[in-house]
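*Asks:* What follows is a structure written as structure tokens; I'll ask about it next.
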Amino acid sequence: MHRWLLLVGALGMSACLPEFPERPQVPRDVADDGLPDDLGEDPVDMAPRPGADAGPVDARPPAPDVVGGCDPIVFGQPALRVRRWAGEPIPPRMVSALGGCPPLALLEAPPWAQVTFMDGTLAIQVDGEGLPPGRSNDAIVLGDALGNTAALPVVVDHFAPGPGPVHDPKVLVIAVSGLDAQTPLPPTLAALVAHGASTDGATQAAPERPSAWATLMTGVDPRRHGVNAEPARVRVPSFTRRARDAGHPALVASQYAPLAQTILREDLGEAVTAGDSAATRGALLGALQGNQADAFVLATDQAVGTADSDVDVIVGGVLARPTFAQEDWLFVVVGVAPGANRVPLAFARPGTAPSALGPDADVVDVAPTVLRHLGVTLQPGWELPGDSPFSGAEADCTNREDDDGDGRIDCRDDDCAGACNLSCVDLDVGQASGVIARGETREGRYRSDACGGGEAAEVVIYWTAPADDDWLIHADGTSFNSILYAAAGDCGGPEIACETGFYGRVDHFNEDPGGFVLSARAGRSAVLVVDGQFFGEDGPFQLSAYGRAAECRQASDLGQAVGVVSQGSNVGTPTRLPPREGDQRCVGGGPIYATNDLLFRWTAPEDGMYRFDTEGSTFDTVLRLYGGACDNLSLLTCNDDAGAEVHSSLDAQIAAGTSVVIAVSGYWQSQRGDEGDYVLRIQRR
């Protein structure tokens, strides 16, 4: 307890003072919510707004028994609350004090404030540099000549990063129903918007209320998330689901019931709370106190001014966390206003200077910004179109790396729009897999010195790998004598693969007929060209891209069955399982000329030697056996012909409980055919 010796009162000064008693205890939790009481919003003397909880604002210590018959010491306001963003000056605050037995004296003040008392007025100057991050609760205590005391509660909310390394990212998303570009911002929302990267005119393309909420939560447009005029379950994960899957728990507290009950019902399960203002506020405060999540979403569905009261309490709950100084908080404010083309959008981080978002700002920017702040790596397969205001730019448009971490690499990144040459491209298929393109070849324009093609017609396709994998690129189904080749990055990139068919192959990846294998990381792009061998070689084409690991995961599960375990037809099935270097040779030394693949997963019921065969099939088969996880699949053994027969047979020693992947394929362009009816049999020898 520090006692101040400066004694200035409304009626003069005294050089001889009695010993003052200890100051009264200031209640810190009148609302019994486990947090410091909400003391109002207005940064100047913080008078309560209409609709705000008035109880904690008016709470003050009970008047002490007054000694000497003087009036109690009374302050001109029940409490003082100040909010400060890092780096901003705090203007002085003046609070009157009346009553008591003169002279009144200043007994105690917070260590982060300079306080003087003269002529019945407290002059309070908060020292921003000495103010700790988060919420600080203290009091200014006055006493009179006869030992009577009174305390003015002082609460300062300091939006500032901690003094040490900040390592624990957290997010609070405040989505306000009915808030559009024309709506005046109430105080708490206005303060957050003013201190962030913000705009009052972010694009909101969804015209209906359910679709607007789904667009915000998923970061994609209604064509992809599937929600329109009526509430429905989203077809793609929300950003809160992606955060949770990456190890960052999330909580959505929604006053818009369909968001919790339908749109995100199966996306987050019990982590979505529906209810009125009190229920959602309580859910978020409880989660903040219990440190139950890294991402918090408040979805309001009430008048904007009333919603501001909830926002004020929740933001106070964030600042009151004892770990706030060690956390890196991102506050997001976004309007959800169906029918409005423009809504406010702001991303505020303590310690980051305010800035203006560009004219392309969109509500779909919320999802990638939140995920990147939490440290979640954006996957190209998510195809999130939004941008983060805190991301950098793609530093090199040719290095096939995601320099700025936005999930888009080189020419797929808008940062490289002026640096990439895509003038040769006829068709952009994005991150497609399976059959990625069909059509007709066109007049020749793109020339490959290494692969040929001459003046034949061609088609140029721009493709991006949707996942890390070995991708089999082939033109099976093309009606003419074709050449297939690839260039890295854009039209001017180096040639990285070629398959010439008739003239032999110049690629070094494998000996698979009709295609080549590209080992590509997710997000890396290539220019793929289907060309003709000679002038006049043109017509309908079909181009496919199948990932080795992706196709392995889709193998049909045979369980532990023995005997005839599967039979049917491989007519029209694609070539799906790309070989790897080292996989090219089958039993007898021949290459794996396999096509029309059927994939099965089988688990050995007991230790033993097992025989796998295709006897009874109506075409020339190739049989392969693979072991290991799909991401690291390895060829165990392979057979083309079992003796003089064209069916296949192989033996393998397999331990109980071990799973293998079986590929039943046709031998490419065999005189006996490469497709038809097949039989797959497994027997223990």
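The values are calculated or read from the model by the stated rules, or taken from the named source; none is laboratory data. No experiment lies behind these values; they were computed from the predicted model shown. So basically every Cβ, Gly included, is an ideal-geometry build from the backbone, and we count neighbours across all protein chains shown. Remember, those area values only see protein heavy atoms, side chains included, never the ligands or the DNA or RNA. Shrake-Rupley method; radii C 1.70, N 1.55, O 1.52, S 1.80 Å.
*Asks:* I'm told Arg81 meets every condition in (1) touching a Lys or Arg at 6+ places or on another chain (Cβ under 9 Å); (2) not in a loop (DSSP other than H, G, I, E, B) except one. Can you identify the failing condition by its number?
*Replies:* Of everything listed in (1) touching a Lys or Arg at 6+ places or on another chain (Cβ under 9 Å); (2) not in a loop (DSSP other than H, G, I, E, B), Arg81 misses just condition (1).
*Asks:* Which of (1) touching a Pro at 6+ places or on another chain (Cβ under 9 Å); (2) crowded, with 18+ Cβ neighbours inside 10 Å; (3) free of Cβ contacts under 8 Å to residues at least 60 places away in the same chain is the odd one out, the single condition Ala160 does not satisfy?
*Replies:* All conditions pass for Ala160, except number (3).
*Asks:* Could you tell me whether Gln584 is farther than 26 Å from Tyr678 by Cβ and modelled with pLDDT under 85?
*Replies:* Considered against the rule, which asks whether it is farther than 26 Å from Tyr678 by Cβ and modelled with pLDDT under 85, Gln584 comes out as no.
*Asks:* Pick from region 363-385 the residues that are surrounded by fewer than 21 Cβ atoms within 10 Å (Cβ to Cβ) and among the small types (Gly, Ala, Ser): which of them is modelled with the highest pLDDT?
*Replies:* Selected residue: Gly375.
*Asks:* Please enumerate the residues belonging to region 513-536 that are touching a Gly at 6+ places or on another chain (Cβ under 9 Å) and either among the acidic types (Asp, Glu) or surrounded by fewer than 23 Cβ atoms within 10 Å (Cβ to Cβ) (or both).
*Replies:* Pro513, Gly514, Ala522, Arg524, Asp531, Gln533, Phe534, Phe535
*Asks:* Looking only at region 245-273, count how many residues are surrounded by fewer than 20 Cβ atoms within 10 Å (Cβ to Cβ) and of a type in the set (A, V, I, L, M).
*Replies:* Matching residues across region 245-273 total 2.
*Asks:* Mind listing whichever residues of region 231-266 are among the acidic types (Asp, Glu) and at pLDDT below 90?
*Replies:* The answer is Glu266, and nothing else.
*Asks:* Now a separate question. Contact list please: Cβ distance under 6 Å, first residue in region 290-307 and under 15 Å from Gly335 (Cα atoms), second residue open to solvent by 10 Å² or more (accessible area, probe 1.4 Å) and part of a strand (DSSP E or B), pairs at least six apart or on different chains.
*Replies:* Thr300/Ser177; Asp301/Ser177
*Asks:* Provide a single number: the residues in region 348-362 that are open to solvent by 60 Å² or more (accessible area, probe 1.4 Å), touching a helix residue (DSSP H, G or I) at 6+ places or on another chain (Cβ under 9 Å) and either without any contact (Cβ under 8 Å) to a residue 24 or more places away in the chain or not in a loop (DSSP other than H, G, I, E, B) (or both).
*Replies:* Of the residues in that region, 0 qualify.
*Asks:* Here's another thing I want to ask about it. Which residue is least open to solvent (accessible area, probe 1.4 Å), if the candidates are limited to region 84-98 and must be outside any strand (DSSP E or B) and at pLDDT below 90?
*Replies:* Ile90
*Asks:* Given the residues Asp538, Asp531, which is the only one that is part of a strand (DSSP E or B) and modelled with pLDDT under 85?
*Replies:* Asp531
*Asks:* Can I ask one more? Any idea which residue in region 124-157 is most open to solvent (accessible area, probe 1.4 Å), counting only those that are part of a loop (DSSP other than H, G, I, E, B) and in contact with a strand residue (DSSP E or B) (Cβ under 7 Å, 6 or more places away or on another chain)?
*Replies:* Filtering region 124-157 for residues that are part of a loop (DSSP other than H, G, I, E, B) and in contact with a strand residue (DSSP E or B) (Cβ under 7 Å, 6 or more places away or on another chain), the one most open to solvent (accessible area, probe 1.4 Å) comes out as Asp127.
*Asks:* Which of the residues belonging to region 166-184 are in contact with a Pro (Cβ under 7 Å, 6 or more places away or on another chain) and either surrounded by fewer than 22 Cβ atoms within 10 Å (Cβ to Cβ) or among the hydroxyl-bearing types (Ser, Thr, Tyr) (or both)?
*Replies:* Listed by number, the list holds a single entry, Ala181.
*Asks:* Could you go through region 316-333 and let me know if any residue there is of a type in the set (Asp, Glu), within 23 Å of Gly351 (Cβ to Cβ) and touching a strand residue (DSSP E or B) at 6+ places or on another chain (Cβ under 6 Å).
*Replies:* yes
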